[in-house]
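Enquirer: Structure incoming, see below.
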């Protein structure tokens with residue numbers, strides 16, 4: 001049985017479109033990170049590696065923002081969702 005940390009008792013159900021968008025962005029980041037690993041193994045130019053790493057970081061950020069934005073909508077529509085505004089702000093700021 002999974003135990004959630006204090007304050008995390010419910011599962012966030014994302015909208016289908018938000019889930020699909022987040023998954024696409026995460027897969028894009030996954031490919032970019034694999035590219036960074038290959039570039040390091042090949043001894044590629046530092047600027048190229050950093051550029052690719054920055055792209056992966058942006059893709060992860062966008063996926064996180066998509067997930068949080070969808071979660072915020074869910075919480076606004078369902079006050080019983082178990083998260084208040086302060087909780088959502090904390091989650092959002094964790095991406096900063």
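The values are calculated or read from the model by the stated rules, or taken from the named source; none is laboratory data. Computed from a predicted structure; not experimentally measured. Don't worry about glycine lacking a Cβ; one is built from the backbone with ideal geometry, like all the others, and counts go over all protein chains shown.
Enquirer: For the structure I just gave you, tell me whether residue 69 is modelled with pLDDT under 90 and closer than 28 Å to residue 90 by Cα. Don't jump to the end; show me each part of the working.
Expert: Working: modelled with pLDDT under 90: yes; closer than 28 Å to residue 90 by Cα: yes.
So residue 69 passes the test.
Enquirer: Specify which of the listed residues (63, 34, 56) is modelled with pLDDT of 95 or more and either in contact with a helix residue (DSSP H, G or I) (Cβ under 8 Å, 6 or more places away or on another chain) or more than 26 Å from residue 16 (Cβ to Cβ) (or both).
Expert: Answer to the selection: 34.
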